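Chemist: Would you mind keeping the following structure in view while I ask a few things?
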Amino acid sequence: MIEKKQKLWAVVDENREHHLTLLKQLVHRSQASEAAIQQFVAEKVSKLRCEVDVIRYDPRALPTKGEFADPNTVAPGDRTSVVGRLRGVEEARRLMLFAQGDTMPATQIDRWQHPPFEGTIEN
């Protein structure tokens, strides 16, 4: 198992610049909207030859659990979730990745050390 983890980290390290570029692109798109992020994710997942489902829903219509969210704090309007599926062998292990795509407005930008939507990397 340790050898597999080492191989995985080696691949991550080899592709570091690619991953950082992708992260910067996501940060930049968050300036536009959550929908822009979801569209970008759908395009990237599709290029990986995954089946892509784009699901529109009203989060206020979903049942909530105490630890999840207060339904009174959920903003009105439809939201989008992107699901990518790469079919494989039924007996194989599966991996699911989930990322929260919502955004918060950047305020007091004049007080930021770096522009908030450029994805500046420091140190």
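The values are calculated or read from the model by the stated rules, or taken from the named source; none is laboratory data. Quantities reported herein were computed from a predicted structural model and do not represent experimental measurements. Cβ sites come from the backbone with ideal geometry, for glycine too, and all protein chains shown count toward neighbours. Note: areas computed on protein heavy atoms with side chains; ligands, DNA, RNA excluded. Shrake-Rupley method; radii C 1.70, N 1.55, O 1.52, S 1.80 Å.
Chemist: Distance between the C-alpha centers of the range 76-95 and the range 1-47? Whole Å please.
Modeler: Computed from Cα coordinates, the inter-centre distance equals 16 Å.
Chemist: I would also like to ask the following. Whats the longest run of the chain with zero GluC sites (Glu not before Pro) that are DSSP loop and have at most 13 other Cβ atoms within 10 Å?
Modeler: It runs 1-66.
Chemist: Moving on to the next point. Using a 1.4 Å probe on the protein chains only, how many percent of the accessible area of the chain belongs to carbon and sulfur?
Modeler: The nonpolar share, carbon plus sulfur, comes to 55 percent.
Chemist: Further, regarding this structure: As a test of reading the structure, rank W9, W112 by solvent-accessible area (1.4 Å probe, protein chains only), most first.
Modeler: W9, W112
Chemist: Could you please put F117, F40 in sequence from largest to smallest accessible area, using a 1.4 Å probe?
Modeler: Result of the area sort, largest leading: F117, F40.
Chemist: Turning to a different aspect of this structure: Roll a 1.4 Å probe over the protein heavy atoms and report the accessible area of R16 in Å², nearest 10.
Modeler: 130
Chemist: Taking the Cβ-Cβ separation of E3 and K47 as r and a Förster radius of 30 Å, what is the calculated FRET efficiency to the nearest 0.05?
Modeler: Result of the calculation: an efficiency of 0.50.
Chemist: Could you give the semi-axes, largest first, of the ellipsoid that matches the chain, computed as the square roots of 5 times the alpha carbon gyration tensor eigenvalues and rounded to whole Å?
Modeler: Details: eigenvalues 155, 121, 45 Å².
Computed over the chain, the values are 28, 25, 15 Å.
Chemist: Could you give me the ³J(HN,Hα) list for the range 106-121, computed from phi with Karplus coefficients 6.51, -1.76, 1.60 and θ = phi - 60°, whole Hz, x at Gly and Pro?
Modeler: With coefficients 6.51, -1.76 and 1.60, one gets 7, 10, 6, 4, 5, 9, 6, 6, 10, x, x, 10, 9, x, 4, 10 Hz.
Chemist: Now, a different point. So with the 1.4 Å probe, I'd like the accessible area per residue for the range 1-62, rounded to whole Å².
Modeler: 82
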